[in-house]
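Here, each number is a calculation from the coordinates, and none is a lab measurement. Remember, predicted model here, so these are calculated numbers, not experimental data. Positions of Cβ are backbone-derived with ideal geometry, glycine not excepted, and every protein chain shown enters the neighbour counts.
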Amino acid sequence: MTPPVRIIAIDGPAGAGKSTVARAVADRLEMDYLDTGAMYRAVAFAAMRRGIDPADAEPVALMTRDLQLEVAEKVTVDGVDATIEIRSPEVTRAASAVATNPKVRTELVRRQREWAAAHGGGVIEGRDIGTVVFPSADLKIFLTAADAERASRRSKEMLELHYDEVAADLARRDRTDTTRDTSPLAVADDAIQLDTTGLGIDKVVESVVALAEAATRA
Ligand code: DC
């Protein structure tokens, strides 16, 4: 099957359902899938492993340039499987700091474009995909959900944390993501916003697939 479109950008805040939806849409349309959040997490993981403060801009930027990074089913950083570790609360916090670093962003955006060229496009999820990385994506989706629902979804994934802690972390991350100077989380003018509150995953996936098919015919 030929995918109906080349690039589908899926952006939105943490816990809006991006990963689940993006994976399922990629599956349905036989497209490849890239989780760009995992790339920021991998940089944070690598910095912590090397004893570099994730907030220390220059050393983190320097390290990122030469970092060997593979993001697919598994996330490999300098040959080490970090698939599980990059989801820890510590790495999650550090990733949000690393994501404010303009030089890190430049390098990761370059790699994201390279990935898309090598894969003939794909379903790409993140925060700045429709606004910065692929401003001419064929389809831009911005997923949202009520704060309480996002926190409750995340606390089911992070069993070691209390709901209150997850909610506070999420609010802090939302603030950092939306207020940073470089590529803040924002809705692209031509993005379609979908609120996933109370919606089953299948419904959202159906909508995105239908929109992708309509985008081909447009
Ligand atoms: O989607 P996530 O929670 O795995 O993302 C991890 C961090 O990276 C989060 O703080 C937002 C940031 N991020 C970003 O700034 N730009 C992206 N394209 C993807 C993620």
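Rounded to the nearest 0.05, what FRET efficiency do Arg110 and Ala148 give with R0 = 25 Å and r taken as the Cβ-Cβ distance? Could you check? For R0 = 25 Å, the calculated efficiency reads 0.10.
The 3J(HN,Hα) values that the Karplus relation (6.51, -1.76, 1.60; θ = phi - 60°) gives for region 41-49 are, in residue order, 5, 5, 5, 4, 4, 5, 4, 4, 5 Hz. Gly and Pro appear as x. Dipole magnitude for the chain: computed about the Cα centre from +1 point charges on Lys and Arg Cβ and -1 point charges on Asp and Glu Cβ, it is near 200 debye.
Under 19 Å from a label point set 7 Å out along the Cα-to-Cβ vector of Leu199, the amide N atoms of region 138-170 belong to 138-154.
Computed from backbone phi, the HN-Hα couplings of region 123-139 come to 9, 10, 10, x, 10, 10, 5, x, 8, 10, 6, 10, x, 10, 3, 5, 9 Hz, rounded to whole numbers (Karplus: 6.51 cos²θ - 1.76 cosθ + 1.60, θ = phi - 60°; Gly and Pro given as x). Expressed as an acute angle from 0 to 90° and rounded to the nearest 10, what is the orientation of the C-alpha long axis of helix 201-217 relative to the principal long axis of the chain? With rounding to tens, the tilt is 60 degrees. Sequentially through region 168-178, phi angles give Karplus couplings (6.51, -1.76, 1.60; θ = phi - 60°) of 5, 4, 5, 5, 5, 5, 4, 5, 4, 5, 8 Hz, Gly and Pro residues having no value and appearing as x. Dipole size of region 89-184 about its Cα centre, with +1 on Lys/Arg Cβ and -1 on Asp/Glu Cβ: approximately 320 debye, rounded to the nearest 20.
Projecting the Cα atoms of Ser207, Val132, Ala47 onto the charge dipole of the chain, computed from C-beta unit charges around the Cα centre, puts Val132 farthest toward the positive end. For Leu194, nonlocal amide neighbours, meaning residues 5 or more places apart or on other chains whose placed amide H falls under 5 Å from its own, are Phe142, Leu143, Thr144. The alpha carbon centroids of region 47-88 and region 131-149 are separated by 25 Å. With a Förster radius of 30 Å applied to the C-beta separation of Thr76 and Arg172, the computed FRET efficiency comes to 0.60.
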